[in-house]
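Every number here is computed from the coordinates shown, using simple stated rules; none is lab data. Source: prediction; values computed, not measured. All Cβ positions, even for glycine, are placed from backbone atoms using ideal geometry, and neighbour counts span all protein chains on display.
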Amino acid sequence: MMLGFSVEELAMAGRGGGAPRMGLSRVSEAAWLQRDVDRAARAHAFDAHPDAVRVLPGAEAAGREVAALIGVAGGLAEAARATWEDLCILQADGDAYVLTGAAVAFPTDWRVEDKIGQPLAAIHAPIHGYAEQLAAGVDHFFATLAAGPIFGRANWFVVADDAWRYLPTDDPATRFAQVTRENAGQTLYLRCERQTLRRLPDSGAVLFTIGVAVAALDTLSVRVVRRVSAALDTGPAGEHARRAAPYYAPALAAYATLRDDRSIEEAA
């Protein structure tokens, strides 16, 4: 499956409900990173949030390898300013892979200082079902990933604004209080992450990239809105709650039905 870079493409490539899964597909070198890069937006985010970059001792060489791979001088910080994607370095520590470097301008509800130095299991601990259904498969993938192939996946979240940095601190009941069937298309946004994984040949570290795309529901096709609404109904209850879905899912479902009705009328 081609991941693409737009919200419309990523929403269809991402999870469709049910149990959590890695959902990886091969990505070509040509389709690895987004070509159109808003370097001003990246620079503004990193300048305003210097804590968005952390490189632990021992990860500097991997950071330089990432920069060389992207075609810029310097290390991980310089590489992340030259790409639309946020960049994370994970290195083996015994049987575990640990986050040893991160340059994250556009986080989705997590902070570098909370994850740096943590192994995969701890990083993903908030995700309901990860330990039981994904951890073993993720660990095996990291242990056996060879240098050369690139793998990608898509993930999405329903959010309350289109900010590139999504770090809400308010109560979700307040955050989504204004959402109704009639205005959900303007007040709800689909935030997609285009994630890729590849082994760095020299350092042996794994590079994890995260490219963010955001769009209001009104700008998306009926099939995407329908898919998102259906996935909320069939996803694990714990994840449903973690993503604050109870506060917007009923209005989104009613909005999806409204969009369906409108498309039927327009086709008649």
Condition first: under 30 Å from Val138 (Cα atoms), of a type in the set (Gly, Ala, Ser) and not in a loop (DSSP other than H, G, I, E, B). Now tell me which residues in segment 148-188 satisfy that.
Gly152, Ala154
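The rows are residues; the columns are (1) at negative phi; (2) surrounded by fewer than 21 Cβ atoms within 10 Å (Cβ to Cβ); (3) without any contact (Cβ under 8 Å) to a residue 60 or more places away in the chain.
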{"residue": "Thr174", "(1), (2), (3)": "yes, yes, yes"}
{"residue": "Ala216", "(1), (2), (3)": "yes, yes, yes"}
{"residue": "Ser221", "(1), (2), (3)": "yes, yes, no"}
{"residue": "Val224", "(1), (2), (3)": "yes, no, no"}
{"residue": "Ala230", "(1), (2), (3)": "yes, yes, no"}
{"residue": "Thr234", "(1), (2), (3)": "yes, yes, no"}
Check on Ala135, touching a residue at least 12 places away in the same chain (Cβ under 8 Å), of a type in the set (A, V, I, L, M) and closer than 24 Å to Gln34 by Cβ
no
Report whether or not Arg64 is more than 15 Å from Leu207 (Cβ to Cβ) and among the basic types (Lys, Arg).
no
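Could you count how many residues in segment 120-172 are within 26 Å of Val27 (Cβ to Cβ) and surrounded by fewer than 14 Cβ atoms within 10 Å (Cβ to Cβ)?
Here the count works out to 10.
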Name the residues in segment 139-185 that are within 21 Å of the chain's Cα centre (by Cα) and of a type in the set (Val, Ile, Thr), would you?
Ile150, Val158, Val159, Thr169
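Got at least one residue in segment 205-219 being in a helix (DSSP H, G or I) and of a type in the set (A, V, I, L, M)?
Yes, there is a match, as at least one residue in segment 205-219 is in a helix (DSSP H, G or I) and of a type in the set (A, V, I, L, M).
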Mind checking whether some residue in segment 258-265 is of a type in the set (Lys, Arg), under 25 Å from Gly4 (Cα atoms) and touching a strand residue (DSSP E or B) at 6+ places or on another chain (Cβ under 7 Å)?
no
